[in-house]
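Note sheet for the following structure.
The values are calculated or read from the model by the stated rules, or taken from the named source; none is laboratory data. Because the structure is predicted, anything quoted here is derived from the model rather than measured. FYI the Cβ positions are ideal-geometry reconstructions off the backbone, even for glycines, and counts take in every protein chain you see. Please note that ligands, DNA and RNA were not included when accessible areas were found on the heavy atoms of the full protein model with its side chains. Shrake-Rupley method; radii C 1.70, N 1.55, O 1.52, S 1.80 Å.
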Amino acid sequence: MSQFQYSDCQFPIRQDIKDAYQEYWTSLSLPGNWWTGAQRVEIAQEVRNAYSCNYCTDRKQALSPYHFEGEHSCSTSLPAIAVDAIHRIITDQTRITRAWVENNANQGLSKEAYVELTGITVTLFSIDEFNRALGLNPEPLPEAQSGEPSLHRPQHLRDDIGFVPTIPADGAVGEEADLWPNGRTANVLRALSLVPDALRGWMKVSNAQYLSMEGMGSMFKQEDRSIDRMQMELVAGRVSAINQCFY
Amino acid sequence: MLRASALTNQTEIDIQGVNGDASAAATGIEHGEELMKFAEALASGEAVSLSESREALLAKAGGNVLVDAAGVAANFQRMVRIADSIGIPVDNMETDLGQQVREELNLSRFATSKNTLSKS
């Protein structure tokens, strides 16, 4: 793959970061569990459309985002309900509610499709944000591969946290046995587990951008990183605070 | 995690750096002020301040630090959206350290606190 070479970049980007991004790009182009490859690439395109969507900008200023009429800047054939979800996750995520997710499910955006869409949206966004942080243009999106979604749904699910069913701590078995690093989990890992590949996708990128789940257990500087854990957590904390994230 | 890493490393820090206090960010953390401002600029979406803070961090700390900081900042641009899109609650609200940090940073002011506090 010729993407993510960063050959013109003046900064020393680690090889594991390039590898993780390339691997994600390949998976993005393939059929997922609930969306085709073409739809997955369109979801990625809508993430980018959200960056400059005037309706999103205006809606973010509105007292309530749920009673604000308008149209998103959209260039894909995705259903309007999916486009709205993608744009909202990027530009106004703190006002997402259980009622909105439930209502979307009743209107045709199933919770499974929502979770896969969320996984693509946030992972693509984090890769684009890495480039933006370094003053680099976003990478061209991959060519979609043909095929049908697998419709895979984990066997063990529970409705005890968040707005969607998730795999419980003791439910990662069979095809999902690899999901919890060292057999331990947390709500942020469980969050997208309704679509296990969505979790697998962001975790691989996270291992390179931040730390592996195993690495997170140590509060000391990791050998292959240039910043220590306190520096990392200061950056993480400031980003989270600006985003008004309680979690 | 910032407080926990500081305790492990036996370093005195000031967690108000998380809320944007530049001198607090510099307390006990190498290049803390530049790292904090770089993270803030990325998350705020302000192109000019991002460019300025990138140059400042690069000049002070070098390219390797800049790249790793970009990775961590980009990672948390994703993580906050996973948490809020799915509405997950904080795993354990009972630890003393967690309670102390949430109080000191006044995190309950955030709207997404309802995803945790409405279940407590």
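What is the number of the single condition among (1) in contact with a Lys or Arg (Cβ under 7 Å, 6 or more places away or on another chain); (2) open to solvent by less than 40 Å² (accessible area, probe 1.4 Å); (3) facing another protein chain (nearest Cβ under 9 Å) that B:GLU34 does not meet?
Going through the list (1) in contact with a Lys or Arg (Cβ under 7 Å, 6 or more places away or on another chain); (2) open to solvent by less than 40 Å² (accessible area, probe 1.4 Å); (3) facing another protein chain (nearest Cβ under 9 Å), B:GLU34 breaks only (3).
Among the residues of segment B:71-104, what is the count of those that are more than 7 Å from chain A (Cβ to nearest Cβ) and either in a helix (DSSP H, G or I) or surrounded by 24 or more Cβ atoms within 10 Å (Cβ to Cβ) (or both)? I'd like the intermediate steps shown before the answer.
Taking segment B:71-104 and keeping what is more than 7 Å from chain A (Cβ to nearest Cβ), we get B:92-104.
With either in a helix (DSSP H, G or I) or surrounded by 24 or more Cβ atoms within 10 Å (Cβ to Cβ) (or both) added as a condition, the list becomes B:96-104.
Number satisfying all stated conditions: 9.
Working carefully through the options B:ASN19, B:ASN9, find the one that is open to solvent by 30 Å² or more (accessible area, probe 1.4 Å), without any contact (Cβ under 8 Å) to a residue 12 or more places away in the chain, farther than 26 Å from A:LEU117 by Cα and at the interface with chain A (Cβ under 9 Å from one of its Cβ atoms). First the steps, then the outcome.
Details: B:ASN19 fails: without any contact (Cβ under 8 Å) to a residue 12 or more places away in the chain.
Only one candidate qualifies: B:ASN9.
Going through segment B:51-68 one residue at a time, which ones are assigned to a helix (DSSP H, G or I) and either of a type in the set (Ser, Thr, Tyr) or more than 7 Å from chain A (Cβ to nearest Cβ) (or both)?
Those that are assigned to a helix (DSSP H, G or I) and either of a type in the set (Ser, Thr, Tyr) or more than 7 Å from chain A (Cβ to nearest Cβ) (or both): B:SER51, B:GLU52, B:SER53, B:GLU55, B:ALA56, B:LEU57, B:LEU58, B:ALA59, B:LYS60, B:ALA61.
Considering only residues that are open to solvent by 10 Å² or more (accessible area, probe 1.4 Å) and of a type in the set (S, T, N, Q), look in segment A:178-206 and name the one that is farthest from the chain's Cα centre (by Cα).
So the residue we want is A:ASN182.
Step by step: first the residues of segment A:207-222, then only those that are hydroxyl-bearing (Ser, Thr, Tyr) and touching a residue at least 12 places away in the same chain (Cβ under 8 Å), then the one that is most open to solvent (accessible area, probe 1.4 Å). Which residue is that?
A:SER212
So, A:GLY135, is that one farther than 15 Å from A:ILE89 by Cα, open to solvent by 30 Å² or more (accessible area, probe 1.4 Å) and in a loop (DSSP other than H, G, I, E, B) or not?
yes
Go over the candidates A:GLN39, A:GLN5, A:GLN10 one by one and state the one that is part of a helix (DSSP H, G or I) and out of contact with any helix residue (DSSP H, G or I) (no Cβ under 6 Å at 6 or more places or on another chain).
A:GLN39
Select from segment B:22-31 the residues that are open to solvent by less than 50 Å² (accessible area, probe 1.4 Å) and at the interface with another protein chain (Cβ under 9 Å from one of its Cβ atoms) and write down the one among them that is farthest from A:LYS221 (Cα to Cα).
Checking each candidate, the answer is B:ALA25.
Would you check which residues across segment A:180-204 are part of a helix (DSSP H, G or I) and either in contact (Cβ under 8 Å) with a residue 40 or more places away in the chain or touching a Pro at 6+ places or on another chain (Cβ under 9 Å) (or both) and list them? Steps first, please.
Filtering segment A:180-204 down to residues part of a helix (DSSP H, G or I) leaves A:181-183, A:187-190, A:196-204.
Of everything in segment A:180-204, those that are part of a helix (DSSP H, G or I) and either in contact (Cβ under 8 Å) with a residue 40 or more places away in the chain or touching a Pro at 6+ places or on another chain (Cβ under 9 Å) (or both) turn out to be A:ASN187, A:VAL188, A:LEU189, A:ARG190, A:PRO196, A:ASP197, A:ALA198, A:LEU199, A:GLY201, A:TRP202, A:MET203, A:LYS204.
Take B:ALA4 and decide whether it is farther than 18 Å from B:ASP68 by Cα, open to solvent by less than 60 Å² (accessible area, probe 1.4 Å), touching a residue at least 40 places away in the same chain (Cβ under 8 Å) and part of a helix (DSSP H, G or I).
When the stated conditions are applied, B:ALA4 passes them.
Determine whether A:ALA38 is within 19 Å of the chain's Cα centre (by Cα) and surrounded by fewer than 19 Cβ atoms within 10 Å (Cβ to Cβ).
Yes.
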